[in-house]
């Protein structure tokens, strides 16, 4: 069975179509600056929601953005990349993926995204298992993804565990921030994990937050003789392990965001009420398939949202009011919305396609989409901000990391692809497992065919 799964995965990878210019890219960009360079004559998109700027430039020094726009002075001696006919955007950011946790999803041994029989839930830390050399990382990088939030999947409890922020640099550090957020499932999935009822899921969540708060308030006595004796013990009626309760202390203290997956309007209202009960919580709504129905309430609570761009089918009872205008309507109401999550078939590299569809939707009578600048921000600066990294990366504003993508056309058009990518000012390879397979079998000779073809 495992061999069949591996064979199927290999066939899928081999059959995935890539733009010829992306697949044929050199192993490293022709220009390899070491942190100081400029791109001139390109269409510049800052990533802050503004419209793109024709004939602009970007100046980078020491791996940081110095200036980007129409009037950028380029100092003498700085290596210059001719961006004529190209577009320059910030590196794309996806706030929820399983990058680095999965090689082949159908093979359990290569999938660390969930622990089906684990004794812990909130205490799980995915940063310990992230593999920056996993093939999907290079595939996503070649698609323009430079940073991502990596999240676990809830398996046997409403708490999935603690996600991490990574960069996708080749031979890079990988994990930028471990334990960056906590993920919890409510709604239909949470009800199933809690025993079959939303009431049970809500009770479990509130109890967990209270147990974490009580644990955080424990103060060791002055007579404690050693550190072990000073450690607080869980009360006898505690439902959480001490590890899970301790992992939730940063959540109740407001130091770690709590990502909550909910879809229907009623569940969103319940979540906003939870925020009033625990005012320190830094809530982030994941999903929000019916978010447009309560958009004004979400905006008033200042809770950001990670939403699917084109989920418009009533596939479940909690998404009966789903509409493609969901993201546009929430954005129009003042909600900070980023596109996500990106798992399984919704791969991170497809983010520009989803964003581009929302731009197209804005031209459909009666529908509500996004402007071009808003759509790009939804896959760059806004997810970076939701991850708490908006002052580090996500746009071309001065002082931020020089994560740049040069595209051969409008990045939100399906026919466009990255031609050069920088992370922290360092050029990145576009070669990956898929591009190698494509090159190998594009014009195979007899000697290049697998043995099975003999």
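The values are calculated or read from the model by the stated rules, or taken from the named source; none is laboratory data. The structure presented is a predicted model; accordingly, all values stated were derived computationally and were not measured. For neighbour counting, all protein chains shown are included, and Cβ atoms are generated from backbone atoms with ideal geometry for every residue, glycine included.
At a glance:
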| item | result |
| --- | --- |
| Failed condition for residue 85, given (1) in a helix (DSSP H, G or I); (2) over 30 Å from residue 201 (Cβ atoms) | (1) |
| Every residue from region 42-71 that is free of Cβ contacts under 8 Å to residues at least 40 places away in the same chain and part of a loop (DSSP other than H, G, I, E, B) | 70, 71 |
| Total residues in region 405-431, condition closer than 23 Å to residue 96 by Cβ and not in a loop (DSSP other than H, G, I, E, B) | 5 |
| Filter result for the condition that a residue is out of contact with any helix residue (DSSP H, G or I) (no Cβ under 7 Å at 6 or more places or on another chain) and buried (at least 19 other Cβ atoms within 10 Å of the Cβ), over 352, 411 | 352 |
| Counted residues, region 161-213 - those being crowded, with 16+ Cβ neighbours inside 10 Å, in a helix (DSSP H, G or I) and touching a residue at least 12 places away in the same chain (Cβ under 8 Å) | 16 |
| Residue within region 358-371 that is in a helix (DSSP H, G or I), over 17 Å from the mean Cα position of the chain (by Cα) and under 22 Å from residue 44 (Cβ atoms) present | yes |
| Region 237-259 - residue that is at pLDDT 60 or above, out of contact with any helix residue (DSSP H, G or I) (no Cβ under 9 Å at 6 or more places or on another chain) and in a loop (DSSP other than H, G, I, E, B) and, of those, nearest to residue 287 (Cα to Cα) | 254 |
| Per-region count, region 418-431, residues surrounded by fewer than 24 Cβ atoms within 10 Å (Cβ to Cβ) and either more than 20 Å from residue 167 (Cβ to Cβ) or touching a helix residue (DSSP H, G or I) at 6+ places or on another chain (Cβ under 7 Å) (or both) | 1 |
| Any pair with Cβ under 7 angstrom, 6 or more apart, that starts in region 117-136 at a residue that is at positive phi and ends at one that is crowded, with 20+ Cβ neighbours inside 10 Å and at pLDDT below 90 | none |
| Residue within region 327-340 that is out of contact with any helix residue (DSSP H, G or I) (no Cβ under 6 Å at 6 or more places or on another chain) and modelled with pLDDT under 95 present | yes |
| The lone exception for residue 130 - which of (1) assigned to a loop (DSSP other than H, G, I, E, B); (2) within 16 Å of residue 403 (Cα to Cα); (3) at pLDDT 90 or above it fails | (2) |
| Residue list for region 34-51, filter: at positive phi and out of contact with any strand residue (DSSP E or B) (no Cβ under 8 Å at 6 or more places or on another chain) | 49 |
| Region 145-196 - residue that is closer than 23 Å to residue 291 by Cβ and out of contact with any strand residue (DSSP E or B) (no Cβ under 8 Å at 6 or more places or on another chain) and, of those, modelled with the lowest pLDDT | 194 |
| Condition broken by residue 141, with the remaining ones in (1) in a helix (DSSP H, G or I); (2) at pLDDT below 95 satisfied | (2) |
| Filtered residues of region 335-348 (kept if in contact with a strand residue (DSSP E or B) (Cβ under 6 Å, 6 or more places away or on another chain) and either surrounded by fewer than 22 Cβ atoms within 10 Å (Cβ to Cβ) or assigned to a loop (DSSP other than H, G, I, E, B) (or both)) | 335, 340, 341 |
| Residues of region 366-408 satisfying the condition of being on the phi > 0 side of the Ramachandran plot, touching a strand residue (DSSP E or B) at 6+ places or on another chain (Cβ under 8 Å) and surrounded by fewer than 24 Cβ atoms within 10 Å (Cβ to Cβ) | 388, 399 |
| Subset of region 114-124 (residues that are touching a helix residue (DSSP H, G or I) at 6+ places or on another chain (Cβ under 8 Å) and either in a helix (DSSP H, G or I) or surrounded by fewer than 24 Cβ atoms within 10 Å (Cβ to Cβ) (or both)) | 120, 123 |
